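Right, one structure below, let's go through it.
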Amino acid sequence: MNTSTSTIEESVSERGFTMVRRLAAPREVVWRAWTDPDQLHWFAGVPASPERPSTVDLMVGGAWRVWLVEGNEDARAYTTGGIYREIEEPSRLVFSWGAVGGWPDLEPERLDEVPLVELTFHPDGDGTLMVSEFTLSDHLDPETVRGWFDLGVRAGWGATIDRLEPHLTTATSPS
């Protein structure tokens, strides 16, 4: 399978951004990369570890968690993930980004305090058009929104999405 990724579009709004990528892998393969705990290590950018396994509870209200290391092994490391808000296999995932006790710290009863991520997967020939929308709630004040952008979430999210391509070169279609 050809796994080259191309950036189709990137746009920024006051409260978020959208990234569109063309992935040369079937959407079922891309879906599994986002939802299979045995594959989710791509998100973290480090090899899977039995000491810190990725977990996925793929249901609305369920959580996914992964151990993430920024940069090299001496860099900041933390648990991140999300709580699923909507699931439409294999075309759409919506989650509040964060992890209880991780980063961003997420409180399940206050999901509007953290970014909302909506991923849609559209068939595109033998590949997938993946749209990633990252949005901050309208109830957050402008200073809080600016704080998120100042943290570098756009560049960080882009770097995370870019790690998907190398993973797809070894991922396989579901049986």
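Worth a mention:
- Search result, residues across region 29-54 that are surrounded by fewer than 16 Cβ atoms within 10 Å (Cβ to Cβ) and modelled with pLDDT of 95 or more: ASP36
- Hits in region 12-57 - residues which are under 14 Å from the mean Cα position of the chain (by Cα), of a type in the set (A, V, I, L, M, F, W, C) and under 17 Å from LEU119 (Cα atoms): PHE17, MET19, VAL20, VAL30, TRP31, ALA33, TRP34, LEU40, TRP42, PHE43, VAL56
- Annotation: of all residues in region 55-69 being crowded, with 19+ Cβ neighbours inside 10 Å and not aromatic (Phe, Trp, Tyr), the one that is modelled with the lowest pLDDT is LEU68.
The values are calculated or read from the model by the stated rules, or taken from the named source; none is laboratory data. Not measured: the values here are computed from a predicted model. Backbone-built Cβ (ideal geometry, glycine too); neighbour counts: all protein chains shown.
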